[in-house]
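J.: To start, I am sharing the structure in question, which I have written as structure tokens.
The values are calculated or read from the model by the stated rules, or taken from the named source; none is laboratory data. Quick caveat: nothing in here was measured; it's all calculated off a predicted structure. For neighbour counting, all protein chains shown are included, and Cβ atoms are generated from backbone atoms with ideal geometry for every residue, glycine included.
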Amino acid sequence: MMMVNDYILIFLGLLILILGVLIGVAYLTLLERKVLGYIQIRKGPNKLGLIGILQPFSDAIKLFTKEQTYPSFSNYLSYYFSPVVSFVLSLMIWVLMPYYFNLINFNLGILFFLCCTSLGVYTLMVAGWSSNSNYALLGGLRAVAQTISYEVSLALIMMSSVVMIMDFNMLKFFEYQNFIWFIFLMFPLSLCWMSSSLAETNRTPFDFAEGESELVSGFNIEYSSGGFALIFLAEYSSILFMSLLFVLIYLGGYSMTLFFYFKLSFISFLFIWVRGTLPRYRYDKLMYLAWKSYLPVSLNFLLFYLGAKIFF
């Protein structure tokens, strides 16, 4: 009986976590629209509810009640399910959030994260291919090339942090950062991680999958209503998770304080700030950055921290 109760509690905990993530994602989109609005010297959404507080729910209702269209020549099943799989994967990663109670505790959390983000590439590829549109296919190919390239540097940068704590468990980061945050010990690497996570989540200045000027919105061009909403939710959920990961690894780990959530919100805000400020990169330079800059830098730092770990 005890086991059944435990499982019910874990299930309820996961349900609350997923609801929290979805509401967080909804308000991240509102924050983005507001911040971009003020950057461009205009108000963001401010009609629905008090200062536009109900806007995300209105958007969600509008998107999910629109007519679902699909191209006649598309591969229907894969076209239909790739946004769903993408969304489920982006929610699955959140199980990693290192709670102290009743939820799943991963000893190999970092490996699970790398597996889930690698699977996310397939959903991009299938979404682009199954639409049977040249623009979508091109956008999908560019997104896949970009994501695969930056996964390498992400994994290597993460390896340096793993070497520092000698464990794959996310909870351990908090114990090792009691006296000094890792951002002070790994400042260049943390900046590499930040820009790699921008590239990994297809955000400006690395949003080549959606280069409006040449690709007319990229791999999601043929999606409307629910499918588009799911792709959108998956993207913003991964932005929020990348912010969480940055806070866990470099800014003191997980603590149940208001300060932790403030740090998380600030890093999410950085993603938006970058979008409002920087122009888009050039595609060949993006690849050059991944393979000729971040790869050697992260490998060198990995060797350095291995040496440091042996001596200290």
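J.: When the residues of region 153-206 are narrowed to those that are of a type in the set (Asp, Glu) and over 16 Å from the mean Cα position of the chain (by Cα), which ends up nearest to TYR305 (Cα to Cα)?
T.: ASP167
J.: On to the next question. Among TYR223, TYR236, TYR305, TYR294, which is surrounded by 14 or more Cβ atoms within 10 Å (Cβ to Cβ), of a type in the set (Ser, Thr, Tyr) and not in a helix (DSSP H, G or I)?
T.: Just a single option satisfies the conditions, and that option is TYR223.
J.: Next question. Which of the following residues is closer than 23 Å to LEU264 by Cβ and not hydroxyl-bearing (Ser, Thr, Tyr): PHE81, PHE73, PHE106?
T.: Testing whether each residue is closer than 23 Å to LEU264 by Cβ and not hydroxyl-bearing (Ser, Thr, Tyr) leaves just PHE106.
J.: A further question on this structure: With (1) of a type outside the set (Ser, Thr, Tyr); (2) at pLDDT 85 or above; (3) within 21 Å of ALA127 (Cβ to Cβ) as the list, and VAL4 as the residue in question, which single condition is left unmet?
T.: (3)
J.: Considering only region 273-285, state which residues are part of a helix (DSSP H, G or I) and either of a type in the set (Ser, Thr, Tyr) or more than 18 Å from SER190 (Cα to Cα) (or both).
T.: Selection gives ARG275, GLY276, THR277, TYR283, ASP284, LYS285.
J.: Which residue, of TYR261, TYR288, is surrounded by fewer than 16 Cβ atoms within 10 Å (Cβ to Cβ) and over 29 Å from THR29 (Cβ atoms)?
T.: TYR288
J.: Something else now. Residues that are surrounded by 14 or more Cβ atoms within 10 Å (Cβ to Cβ) and in contact with a strand residue (DSSP E or B) (Cβ under 8 Å, 6 or more places away or on another chain): list the helices (runs of 4 or more DSSP H) wholly contained in region 19-130 that include at least 1 such residues.
T.: Because the criterion is at least 1 residues that are surrounded by 14 or more Cβ atoms within 10 Å (Cβ to Cβ) and in contact with a strand residue (DSSP E or B) (Cβ under 8 Å, 6 or more places away or on another chain), no helices (runs of 4 or more DSSP H) in region 19-130 meet it.
J.: Moving to a separate point now. Considering only residues that are closer than 20 Å to PRO205 by Cβ, surrounded by fewer than 22 Cβ atoms within 10 Å (Cβ to Cβ) and in contact (Cβ under 8 Å) with a residue 40 or more places away in the chain, which ones fall in region 148-165?
T.: Matches in region 148-165: SER149, GLU151, VAL152.
J.: While we're here: Given ILE267, ILE231, which one is among the β-branched types (Val, Ile, Thr), within 27 Å of VAL297 (Cβ to Cβ), assigned to a helix (DSSP H, G or I) and touching a residue at least 24 places away in the same chain (Cβ under 8 Å)?
T.: Being among the β-branched types (Val, Ile, Thr), within 27 Å of VAL297 (Cβ to Cβ), assigned to a helix (DSSP H, G or I) and touching a residue at least 24 places away in the same chain (Cβ under 8 Å) holds for just one of ILE267, ILE231, which is ILE267.
J.: Just checking, does region 178-197 include any residue being touching a residue at least 60 places away in the same chain (Cβ under 8 Å), part of a loop (DSSP other than H, G, I, E, B) and out of contact with any His (no Cβ under 7 Å at 6 or more places or on another chain)?
T.: Scanning region 178-197, I find at least one residue that is touching a residue at least 60 places away in the same chain (Cβ under 8 Å), part of a loop (DSSP other than H, G, I, E, B) and out of contact with any His (no Cβ under 7 Å at 6 or more places or on another chain), so the answer is yes.
J.: What is the one condition in (1) within 29 Å of ARG275 (Cα to Cα); (2) in contact with a helix residue (DSSP H, G or I) (Cβ under 7 Å, 6 or more places away or on another chain) that ILE41 does not satisfy?
T.: All conditions pass for ILE41, except number (2).
J.: Regarding region 213-227, can at least one residue be identified that is among the β-branched types (Val, Ile, Thr) and within 28 Å of ARG280 (Cβ to Cβ)?
T.: Taking every residue of region 213-227 in turn, at least one turns out to be among the β-branched types (Val, Ile, Thr) and within 28 Å of ARG280 (Cβ to Cβ).
J.: For residues that are in contact (Cβ under 8 Å) with a residue 40 or more places away in the chain and in a helix (DSSP H, G or I), tally how many sit in region 243-260.
T.: Matching residues across region 243-260 total 6.
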